[in-house]
Amino acid sequence: MASKTSSSSSKDQIERLLKRPGARYFNLNPFDVLQLEPDAPLEEVKKQYRKLSILVHPDKNLDNAEAQEAFDIISKAYQALQDDEMLEFCRGVVTEARRRIEEETQAARKKAKKLNGGNNVEEVEDTAALKMKISQLFVEIGQKKQRLEEREAAERKRKREQELEEVERRRLETEFNEKWEQQRDQRVNSWRNFVSGKKRDREKEKEKEGLNKKVNTSATDLAKNNKRKSRRTGLKPPPLATESRPI
């Protein structure tokens, strides 16, 4: 990934960043974006960034609407390599890519040896293969990061919905308690009226029972008096009908 900036025009760099096959994935690799080796020192990183940023700067390419997007890609790659932690991470991705290529080479060598007893797999590092492997790893990492962000977003959404449900539950509970308190006097009066009505009904029932008892007692006394008179006169009076008075 040696620098080719000196032999590239603004148009070439913009097309490299936006139009080449697989640009979306290759641009995940900041070393590839800046056309640098993974072990390039920071001074070289800064120098290369200045060259590329000048070539694709929107002010230098007023007739090219894609210059801003290309400039943003270069700026993002440079910012990544400016951060020590991110720089170490990117170099770790390159190391992992080389390890995987070595494993694949060893597996191919064993397969070739098994088939023809020879070793036809060269041990020379294929720059294009390494570049592709690095981009693949950055894609995998990007996809994992995206899935993680989606899960986190879904979790935040779920928690927010729970919070809104809790707020609504509390609102309804408060509204119910307020109405319950406002209707307290109405409930008390209603209960008192109910109790008073029951009491009046009992009093009326007792009054009715008392009148019936009084009427029955009067009829009994009258019958006794008539019986005593008949004994004295020898006459038998007609039977008396029990009087029933309306209440």
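Number of residues in segment 8-23 that are surrounded by fewer than 19 Cβ atoms within 10 Å (Cβ to Cβ) and closer than 21 Å to residue 61 by Cβ: the value is 10. Among the residues in segment 148-158, are any of a type in the set (Asp, Glu), modelled with pLDDT of 80 or more, surrounded by 11 or more Cβ atoms within 10 Å (Cβ to Cβ) and under 26 Å from residue 31 (Cα atoms)? Within segment 148-158, not a single residue is of a type in the set (Asp, Glu), modelled with pLDDT of 80 or more, surrounded by 11 or more Cβ atoms within 10 Å (Cβ to Cβ) and under 26 Å from residue 31 (Cα atoms).
Against the numbered list (1) closer than 26 Å to residue 139 by Cα; (2) touching a Phe, Trp or Tyr at 6+ places or on another chain (Cβ under 8 Å), residue 27 comes up short only at (2).
The values are calculated or read from the model by the stated rules, or taken from the named source; none is laboratory data. Since this is a predicted model, take the numbers as computed values, not measurements. Methodologically, a virtual Cβ is constructed for each residue, glycine included, from the backbone with ideal geometry; neighbour enumeration extends over all protein chains shown.
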